[in-house]
Amino acid sequence: MGKRKIQDESEVIRWFEEGRTYQWMIDEYKRKYGVETVPSMWGNFRRRRGLDRRIVRDDDLIPWHVKEEHRWAYPLAMLRAEARHRAGKALTETDQSRLASWLDMLKDSSAVVHYDPDTEDGFHYIPRQAGDDDIIHPPKTKTTTRPNADNE
């Protein structure tokens, strides 16, 4: 069996509690200990220790199955940030600022986010309509298909 890569479990747990990203942990372990790691190692550690998931899944804010080519669209990134905010998770100062500006833009233009997977951009801003009770235009039925990884 190979040498354990985790040098100090309490340190790693603290990093998770501080909301450090996997990339930050990878870089820090390389700098501090000269140990190469990969994101899956950190995710496995989190799961084995029963720590909270880093990604917040909110099917009410992101009720669509999003195509691969649309997964990095700015409106989706902002919906993810809002989901983290609503779940009480920490946001970086940059994310807080971007989210606040984005929410102001939606409010000022009385717009909501709409997703149409059959278009090039996927995500669009459309005028708020009757029944748009949140920051999205909800589909008739949710198409989210990703299961919670901790329940697999």
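Going by accessible surface with a 1.4 Å probe and the largest first, Lys107, Lys89, Lys142 read Lys107, Lys142, Lys89. Under the combined filter of DSSP loop state and at most 13 neighbouring Cβ atoms within 10 Å, region 26-88 retains these GluC sites (Glu not before Pro): Glu36.
Using heavy atoms of the protein chains and a probe of 1.4 Å, the accessible area assigned to Ile26 is about 20 Å².
Non-local lysine pairs in region 27-150, meaning eight or more places apart or on different chains, with alpha-carbon distances under 26 Å, amount to 7. Simple point charges give the picture: +1 on the Cβ of Lys and Arg, -1 on the Cβ of Asp and Glu, and for the chain a dipole about the Cα centre of about 880 debye. In terms of its Cα atoms, region 49-117 spans 44, 28, 19 Å along the principal axes, sorted from long to short.
Among the DSSP helices (H) of the chain, those spanning at least 15 angstrom by Cα along their long axis with an average Kyte-Doolittle hydropathy of -1.0 or more are 74-86, 93-108; this is a geometric and hydropathy rule only.
The values are calculated or read from the model by the stated rules, or taken from the named source; none is laboratory data. Just so you know, these numbers come straight off a predicted model, no measurement behind them. Neighbour counts are summed over all protein chains in view; Cβ atoms, including those assigned to glycine, are modelled from backbone coordinates with ideal geometry. The area values use the complete protein model at the heavy-atom level, side chains included, leaving out ligands, DNA and RNA. Shrake-Rupley method; radii C 1.70, N 1.55, O 1.52, S 1.80 Å.
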